[in-house]
Amino acid sequence: MNGTAHVAIGAAAGFVVANNYQSSPAATILLVGIGGISGLIPDLDIDGKLRNKITLSHKVIQSAALLIGMLMIVYSIYEGTATDRYLGIAIGLAMMIGSSFIKQRHMLTITGIGVLAGGISHQEMWLLLLGIYILVASFVAHRSYTHSILGVIFFGIIVSNLEVSLGIEGIFYTGLAGYISHLVADSKLLPFNKRGIKLFLPISSKEI
């Protein structure tokens, strides 16, 4: 199922939850948005709509690393002492060479590290856990752990903490419903899906 359909189903789940809680218009909009995002979250393990929106182009990071490396070399030559000069030049060269190896697929890992750092800095547990989730998603195969019961449980903990942080009822159920709707839509329960999901990883790798 494509990303647009996942967003629509997740957003609909958010609207239903909002109606059940008789949420205010502002809270309803928030829940619909969270539902739509939650409906896409499992697909962070592959290039897609959400992954492309939350990550910068790798060319931006490449250019920044190249520029910083050049500046470090120039600074080290003119300002560094004997030992520091060689160390600075070596680090600068390493950054310039390393920048050429940065690809788009590495951007989600970099994003995860940034979100994790933000969670630690702001002391927000949901943000810290989301950073961990994004990092894991950047390394695992598509339709594996993010499409499993483990993924559901971990994301449930994230949205539970988000609900506590924002103090808005319904966030937990909206996030969970949106996430689960994605797994159902990708499973072999729907006849048009040739592939299923490995729901019981790591115990079983059988597709369902």
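Listing for the model above:
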read-out	value
Potential lengthening between residue 97 and residue 132 on full extension [0.36 nm per residue; Cα-Cα distance subtracted]	9.8 nm
Interatomic Cα distance distribution for the range 148-208, bins of 5 angstrom, percent	4, 19, 22, 19, 15, 10, 7, 4, 0
FRET efficiency, 1/(1 + (r/R0)^6) with R0 41 Å, evaluated for residue 19 and residue 59 via beta carbons	0.40
Debye, to nearest 20: dipole size of the chain, +1 on Lys, Arg Cβ, -1 on Asp, Glu Cβ	700 debye
Helical contribution to [θ] at 222 nm, DSSP H n ≥ 4, -39,500 (n - 2.57), averaged over the chain, rounded to 500	-22500 deg cm²/dmol
Loop-located chymotrypsin sites (Phe, Trp or Tyr not before Pro) in the range 142-198 whose Cβ has at most 13 other Cβ within 10 Å (DSSP)	192
Estimated translational D of the chain in µm²/s (Stokes, Kirkwood radius over Cα pairs; 20 °C; 1.002 mPa s)	113 µm²/s
Net length gained if the chain between residue 68 and residue 206 were fully extended (0.36 nm per residue, minus Cα distance)	45.0 nm
Spacing of the two label points (7 Å from each Cα toward its C-beta) at residue 46 and residue 109, in nm	2.1 nm
Helix runs (DSSP H) in the chain reaching 27 Å along axis by Cα, Kyte-Doolittle at least -0.5	58-79
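Any read-out appearing in this document is the output of simple, stated calculations on the displayed coordinates, not a laboratory observation. Small disclaimer: the values here were computed from a predicted structure and weren't measured. Counting neighbours? That spans all protein chains shown, and the Cβs are built from the backbone with ideal geometry, glycine included.
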